[in-house]
Amino acid sequence: MKNNYRQYFWQHILPHVEKPTRYLGNEVNAVVKDHQEVALRVALAFPDLYEIGMSHLGLKILYHIINQEEKWLAERVFMPAPDAERMMRELSFPLCSLETVTPLAAFDLVGFTLQYELSYATILQMLTLANIPLTAADRGEDDPLVVGGGPAAFNPEPLAAFFDFFVIGDAEEALPQILELLTENKTAARGEKLRLLAEIAGVYVPSFYREQRSKSGEYLGTVAAAADLPAKVKRAVVTDLDQAPYPTDFIVPYGEIVHDRLVLELFRGCTRGCRFCQAGIIYRPVRERQVDTLKKLARQMVRSTGYEEMALSSLSSGDYSGIEQLVCELGAELAQEGVSLSLPSLRLDSFSGDLAEQVQRVRKSGLTFAPEAGTQRLRDVINKNITEEDLLQAVREAFAAGWNSVKLYFMLGLPTETDEDLLGIADLARKVVKAYQQSSGRGKARVTVSVSVFVPKAHTPFQWVGQISQAEMLRRQALLKQALRLPGVQFQYHGVQTSMLEAALARGGRELVPVLARAAALGCKLDGWDEHFAYELWEQAFKENGLDLESCAQRAYAAEDPLPWDHFDTGVSKGYLLREYQRALAGQVTKDCREGCLGCGMAVLLDEEDKGVCASADMD
Amino acid sequence: MRIWIKFAKDQPLQFLSHLDLLRLWQRALRRACLPVQYSQGFNPHPKISFAAALPVGVTSEAEYTDIHFAQKITDVEIDKLQSVLPQGLQIKGWRPVPAAAKTLMAMVGAQRWQVTIESAAAVQTSLEQLLQAAELPVQRQRKKGVKTINLRPYIYRLEIAAADSLEMLLAAGNAGSAKPREVLELLGLQAHSNVRCIETLLQINGFLQSPLAVLLNEKEVSVNAEKDYYQLR
């Protein structure tokens, strides 16, 4: 089998698995290169099923950046579905890349996307399936370097032992620097490579940093083990997004994937300052692409893929300075080819019926709004800065434009939440149904209320807050379920235990390393899928390491406590986050920083010349 | 302009479902800048359909698609289309079709299948028994439960073509069909045997003929006596 993994896989595994199109690897626009002809081989691993991983923009960007260089190659790998995984284990067939069916262990670099905490156990399963030693310390000179990047890399400590290094921040410029360095130092020893990598902005080598604890085991901080290392790892920032590489040759899957469409990233960053939102902090400042650049990219994307839908993507697309021009011009152009536009992240206060109609020229899809909380008081606490009237105005316009269904997103368990806030959700739902009856009256409105459980995240103003207890989550869900028994309203919610695990992993430190190793050994994987999530096994993994999962999720930090992610510099200062937290507790809102610099610290991290929105920052 | 295209669906595309194939064609047509006509209505969809759905895992050299284009099509456009189709999808031929003609799906009557077998001698007996049987009950899973049907009338021909190959002419389409897998099971052969579709035939008044061979005149479809055809008993 040694030399012909491909033939073996196609003969003995592929014909017997569910959804074989997940593993074909020869989709339109997939890049196949000769391994002997390149200087460096990278496996881009996404720790979830094909249909999730293939929906992710970051992976497409990295694939494009690497493969556009003749001297490098990148191939994809996803977590096999349980049926294929079982078969691979039985046949001792190692985890291989899709494009050339090459074992992961034969690559120079294996990069994992750290998109969400619930994928951590899957990473370990993939390493095991690939026969790559689980911990960096156990890997030898012949093993690939294992790197992680993505939003969850902003607190990578729970994964510290499993990775050789992490990339914190934007990869567009950091990744080519890393690959260049590895190409030039191909024969250097692992340790030497890592020492050189640590000099690149955004690179964090966990083995070069030590966790300090008091005699009683209390966490005191994580410090550099050598004098020439930075005390804080600065995040990599792409300053000119307009010039940054962007993939127009999306791989076109055969089977349906979760977000089966083109994605056009309008801008990165968000100035709104919602206090629960990690993306709003770690992608600062706002960096836009120009309308002309976007139109050009859009045209190329349709030509090279033939996709029937394109999503305009960002954290809050209504905030894009050229949104009306772009939607109008691009919408008209794409409609001629039968391609529809969608605007999945539109804030309530920037929604208009006109804009929505422009977007939905070809096909009308669902509309989703995110008020996040049920009362003005709580929306002020989280700094959502939208009013009930904003919501009602938006749905009235949508109904007038012909929609009859809307989806509303809320969170449960936000700091300071009371039953009154929860009942406010039902009140809003009732008003939306009424707005429909008043503005149209044709048939019935369908209002879906989707409520998730709040998960506090590192690098946000709510990073110090613990989650409410499981019993309390269930009580509040039941309260909502009762209150939302309304005509025309459908209530959607998920099990609370996945949110608890997410919270426990999101704000932990290196004490979670053995927990993750144990959970993987117990068989945990694909925890974002209800059918695979096994809470008891996770509880057991925590318990066997002297920890309690629920207590970890509920843990509150004091303002002066050292936090396990303090040695990562996002550009936003801890003082700013604390000030925002205190304003939250006082119910005070903070305005959009486009209206005036709030001194979050971001302006200091950037170069003098180019600061995006931060160009006008008040530097005192 | 409406046309029928004959194409092969080969390695590595045998794992694509019917829906995957439809999506693949729609996207290829857009890559080739060949606008397709859309149906009218609230949710317009492109006018593309197929003669029959090929089972997943099976290859074919005779698939047919029926497409209404919003423009004139010549060999130049077909070459352009071929250049954006993935490896494994080869256009074998095409013809213009009157707009009023019935769909391929409505007219398909049979398909010819080639099956690679280990030894012809080993199947000879069971093959003869099967052909002599008056009834061949098989069970099919339906939404409302299991239904038993008699497969015999749907098996038109069954013969050893070579020492390692079997050929089957089986009914296909709305008026009743036999699936290659069902016949192979009756013969005691593995369902995973190497199966390939070698022709798809339209049914015209008791005759079977390839869509590229039949005579078309407005709504009328008739057998072209100058080309190969089968006559049903």
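The values are calculated or read from the model by the stated rules, or taken from the named source; none is laboratory data. Quick caveat, the model's predicted, so the values are computed rather than measured. Using ideal geometry, Cβ is built from the backbone for each residue, glycine included, and neighbour counts are taken over all protein chains shown.
Output the number of residues of region A:334-362 satisfying the condition of being part of a loop (DSSP other than H, G, I, E, B), within 14 Å of another protein chain (Cβ to nearest Cβ) and either within 25 Å of the chain's Cα centre (by Cα) or within 24 Å of A:Leu57 (Cα to Cα) (or both).
Here the count works out to 5.
Could you grab me the full set of residues in region B:64-95 that are of a type in the set (Val, Ile, Thr) and part of a helix (DSSP H, G or I)?
B:Val76, B:Ile78, B:Val84
Report yes if A:Lys215 is surrounded by fewer than 22 Cβ atoms within 10 Å (Cβ to Cβ), touching a Gly at 6+ places or on another chain (Cβ under 8 Å) and over 30 Å from B:Leu21 (Cβ atoms), otherwise no. Let's see the steps before the verdict.
Values: surrounded by fewer than 22 Cβ atoms within 10 Å (Cβ to Cβ): yes; touching a Gly at 6+ places or on another chain (Cβ under 8 Å): no; over 30 Å from B:Leu21 (Cβ atoms): yes.
No, not satisfied.
Please count how many residues of region B:5-46 are in a strand (DSSP E or B), facing chain A (nearest Cβ under 9 Å) and either touching a helix residue (DSSP H, G or I) at 6+ places or on another chain (Cβ under 9 Å) or acidic (Asp, Glu) (or both).
2
For the condition hydrophobic (A, V, I, L, M, F, W, C), assigned to a loop (DSSP other than H, G, I, E, B) and either in contact (Cβ under 8 Å) with a residue 60 or more places away in the chain or more than 30 Å from A:Pro562 (Cα to Cα) (or both), what is the one hit in A:Ala188, A:Ala161, A:Ala201?
Of the residues listed, the single one that is hydrophobic (A, V, I, L, M, F, W, C), assigned to a loop (DSSP other than H, G, I, E, B) and either in contact (Cβ under 8 Å) with a residue 60 or more places away in the chain or more than 30 Å from A:Pro562 (Cα to Cα) (or both) is A:Ala188.
Cβ-Cβ under 6 Å, sequence separation 6+ or interchain: first residue in region A:21-35 and more than 9 Å from chain B (Cβ to nearest Cβ) and modelled with pLDDT of 95 or more, partner crowded, with 16+ Cβ neighbours inside 10 Å and part of a helix (DSSP H, G or I). Which pairs?
Hits for this filter: A:Arg22/A:Tyr50; A:Val31/A:Asn67.
If I filter region A:76-83 for residues that are within 14 Å of another protein chain (Cβ to nearest Cβ), at pLDDT 95 or above, under 25 Å from B:Leu89 (Cβ atoms) and out of contact with any Pro (no Cβ under 8 Å at 6 or more places or on another chain), do I get at least one hit?
Scanning region A:76-83 turns up no residue that is within 14 Å of another protein chain (Cβ to nearest Cβ), at pLDDT 95 or above, under 25 Å from B:Leu89 (Cβ atoms) and out of contact with any Pro (no Cβ under 8 Å at 6 or more places or on another chain).
Given region B:148-220, what strands (runs of 3 or more DSSP E) lie entirely inside it while holding 2 or more residues that are touching a residue at least 40 places away in the same chain (Cβ under 8 Å) and surrounded by fewer than 20 Cβ atoms within 10 Å (Cβ to Cβ)?
On the way: elements: B:155-162, B:165-171, B:194-204, B:207-209, B:215-217.
Filter on region B:148-220 gives B:155-162, B:165-171, B:194-204, B:215-217.
Right, A:Ser405: over 25 Å from B:Gly41 (Cβ atoms), among the hydroxyl-bearing types (Ser, Thr, Tyr) and modelled with pLDDT under 90 or not?
Working: over 25 Å from B:Gly41 (Cβ atoms): no; among the hydroxyl-bearing types (Ser, Thr, Tyr): yes; modelled with pLDDT under 90: yes.
So A:Ser405 fails the test.
Only residues that are away from chain B (no Cβ under 14 Å), assigned to a helix (DSSP H, G or I) and surrounded by 21 or more Cβ atoms within 10 Å (Cβ to Cβ): list them for region A:266-319, please.
A:Gly280, A:Ile281, A:Ile282, A:Leu294, A:Ser317, A:Asp319
Condition test on A:Ala43, is it touching a helix residue (DSSP H, G or I) at 6+ places or on another chain (Cβ under 7 Å), more than 23 Å from B:Leu19 (Cβ to Cβ), away from chain B (no Cβ under 14 Å) and crowded, with 19+ Cβ neighbours inside 10 Å?
In short, yes.
Which condition number in (1) free of Cβ contacts under 8 Å to residues at least 40 places away in the same chain; (2) exposed (fewer than 15 other Cβ atoms within 10 Å of the Cβ); (3) in a loop (DSSP other than H, G, I, E, B) is the one that A:Leu229 fails?
(2)
Look at region A:547-600 and say how many of its residues are not in a loop (DSSP other than H, G, I, E, B) and not aliphatic (A, V, I, L, M).
Selection size over region A:547-600: 17.
Select from region B:46-97 the residues that are basic (Lys, Arg) and farther than 26 Å from A:Thr21 by Cβ and list them in ascending order.
Answer for region B:46-97, where residues must be basic (Lys, Arg) and farther than 26 Å from A:Thr21 by Cβ: B:Lys72, B:Arg95.
Among the residues of region B:93-140, write down those that are surrounded by 15 or more Cβ atoms within 10 Å (Cβ to Cβ) and over 30 Å from B:Ile5 (Cα atoms).
Selection gives B:Ile117, B:Ala120, B:Val123, B:Leu127, B:Leu130, B:Leu136, B:Val138.
If you take the residues of region A:232-254 that are within 14 Å of chain B (Cβ to nearest Cβ) and assigned to a loop (DSSP other than H, G, I, E, B), which of them is surrounded by the most Cβ atoms within 10 Å (Cβ to Cβ)?
Residue satisfying both the conditions and the ranking: A:Tyr254.
Go over the candidates A:Leu537, A:Leu486 one by one and state the one that is surrounded by fewer than 20 Cβ atoms within 10 Å (Cβ to Cβ), hydrophobic (A, V, I, L, M, F, W, C) and not in a helix (DSSP H, G or I).
None of the others qualify; the one that does is A:Leu486.
Among the residues of region B:59-89, which ones are within 12 Å of chain A (Cβ to nearest Cβ), surrounded by 17 or more Cβ atoms within 10 Å (Cβ to Cβ) and aliphatic (A, V, I, L, M)?
B:Leu81, B:Val84, B:Leu85, B:Leu89
Looking at B:Glu135, B:Glu118 in this structure, which one is without any contact (Cβ under 8 Å) to a residue 24 or more places away in the chain and not aliphatic (A, V, I, L, M)?
Result: B:Glu135 is the single residue among B:Glu135, B:Glu118 that is without any contact (Cβ under 8 Å) to a residue 24 or more places away in the chain and not aliphatic (A, V, I, L, M).
So, A:Gly331, is that one within 20 Å of A:Val589 (Cβ to Cβ), over 25 Å from the mean Cα position of the chain (by Cα), buried (at least 21 other Cβ atoms within 10 Å of the Cβ) and not β-branched (Val, Ile, Thr) or not?
Working: within 20 Å of A:Val589 (Cβ to Cβ): no; over 25 Å from the mean Cα position of the chain (by Cα): yes; buried (at least 21 other Cβ atoms within 10 Å of the Cβ): yes; not β-branched (Val, Ile, Thr): yes.
The answer is no for A:Gly331.
Among (1) outside any helix (DSSP H, G or I); (2) over 30 Å from A:Asp242 (Cβ atoms); (3) free of Cβ contacts under 8 Å to residues at least 40 places away in the same chain; (4) of a type in the set (A, V, I, L, M), which single condition is A:Val147 missing?
Every listed condition holds for A:Val147 apart from (2).
Which residue is nearest to the other protein chains (Cβ to nearest Cβ), if the candidates are limited to region A:9-20 and must be surrounded by fewer than 17 Cβ atoms within 10 Å (Cβ to Cβ) and touching a residue at least 24 places away in the same chain (Cβ under 8 Å)?
A:His16
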